[in-house]
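In what follows, a single structure is set out as structure tokens and then discussed.
The values are calculated or read from the model by the stated rules, or taken from the named source; none is laboratory data. Worth saying up front: this structure is predicted, and the values here are computed from it rather than measured. Heads up, the Cβs are rebuilt from the backbone with ideal geometry, glycines too, and the neighbour counts pull from every protein chain shown. SASA here: full protein model, heavy atoms, side chains in, ligands and nucleic acids out. Shrake-Rupley method; radii C 1.70, N 1.55, O 1.52, S 1.80 Å.
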Amino acid sequence: MQFIDLAEIHVKAGKGGDGIIAFRREKYVPAGGPSGGNGGNGGSVILKAVSNLQTLLDFRYAHVFKAENGQRGGPNNRTGACGADLVIEVPCGTMVWDAETEELLGDLTTPGQTLLVAKGGKGGLGNKHFLSNHQRAPDYALPGLEGEERHLRLELKLLAEVGIIGLPNAGKSTLISVLSAARPKIADYPFTTLVPNLGVVRQPNGDGTVFADIPGLIAGAHAGLGLGHEFLRHIERTRLLLHLIDATAEDVVAAYQTIRDELVAYGHGLGDRPQIIALNKIDALEASQITAIQETLAAYAGQRVFAISAVARQGLELLLDAIWQELGVSVSHQYS
């Protein structure tokens, strides 16, 4: 499945049905009079968030969406049928923008949440509506109104509490595959992960927390280099960042600072987001080397640095305990 997180669509609500001009002419009804019914209202276009979609792929091939028109009124005061609303399903986490005015129309984050993006036109009035003491035989009716029409930009931002970030090949995909049931592509070359991966990690209390494995960032990602510019938006909603660093890298401090610089340059508060730092791949180093690297990076970053091996499943208990504490989750039971 392709991962598409940006799309533009055109939506048009239905036109209201026309009111009609009609008069009752029945043999045994002495006072006939006007009987033209009103037109039905046009259908509206509504976006609905659903949990079974994770991408905007459907909108790559379908760009125009139109609701039904209302039906014209009928004789004998019959109102025309209303046009059916058009409900378009989108993934949870979809932000909806007016592409012309850049106005944010809504942010659909919970399953079942809806957003009216184009209101159907009102049905026109039939001549029966204009009957009065001064106008006993009105011979005019009103046409239905056009429905709203909009050009929309859909922007998907994944809903995850913890975002796993780091340079390419830091081991992010391996870690999320070990902690959750996610099965991303894993290999020993950069940019293995070309799309974000979501995994649910079980908390000690049995609840699940969504982790997002974000494709590797490089220097200049905020300006469009590498893959990171396309996916930095997906960590905007996270509460916590897990910064994974390859312990075998030539310069772990430089690796750490590269990602820090990109978060600050991108903005949206990512530079100030709570962050946990972990050195990965410690199974390839001696204990003395690990300690020296930890101390150096901790002194530079000004915070604790965890040492783990996702492949060997070393140090994951302490790392998860720190994550749960940061998220306010009880850690009376440890990860196993």
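Values computed for the structure shown
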| item | result |
| --- | --- |
| Assigned charges on the beta-carbon of Lys, Arg, Asp, Glu; the chain dipole about Cα centre (debye) | 2000 debye |
| Exposed chymotrypsin sites (Phe, Trp or Tyr not before Pro) absent: longest stretch of the chain, with sites in DSSP loops and at most 12 other Cβ within 10 Å deemed exposed | 62-336 |
| Whole-number D in µm² s⁻¹ for the chain, Kirkwood Cα-pair radius fed into Stokes-Einstein, 20 °C, 1.002 mPa s | 91 µm²/s |
| Accessible surface of the chain, 1.4 Å probe, proportion on carbon and sulfur as whole % | 51 percent |
| Helix-only CD estimate at 222 nm, as mean residue ellipticity for the chain, using -39500 (n - 2.57) per DSSP H run (n ≥ 4) | -5000 deg cm²/dmol |
| Extreme residue, positive dipole direction of the chain, given options V45, T94, A84 (C-beta unit charges) | A84 |
| E8 long-range amide H proximity, modeled H, under 5 Å | L154 |
| Surface accessible to a 1.4 Å probe, I88 within the full protein complex, Å² | 10 Å² |
| Candidate residues K281, K128, K122, K172: accessible-area rank, largest first, probe 1.4 Å | K122, K128, K281, K172 |
| Sequence of R60, R313, R25, R273 from largest to smallest accessible area, 1.4 Å probe | R25, R313, R60, R273 |
| Average accessible area per residue (Å²) across segment 1-124 - probe 1.4 Å, nucleic acids and ligands excluded | 52 Å² |
| Heavy atoms of H129 accessible to a 1.4 Å probe, total area in Å² rounded to 10 | 110 Å² |
| ³J(HN,Hα) computed for each position of segment 158-175 - Karplus, 6.51 cos²θ - 1.76 cosθ + 1.60, integer Hz, glycine/proline x | 4, 9, 9, 7, 10, x, 8, 10, x, 5, x, 6, 6, x, 5, 5, 4, 4 |
| For V50, distant residues with modelled amide H under 5 Å away | V90, C92, G112 |
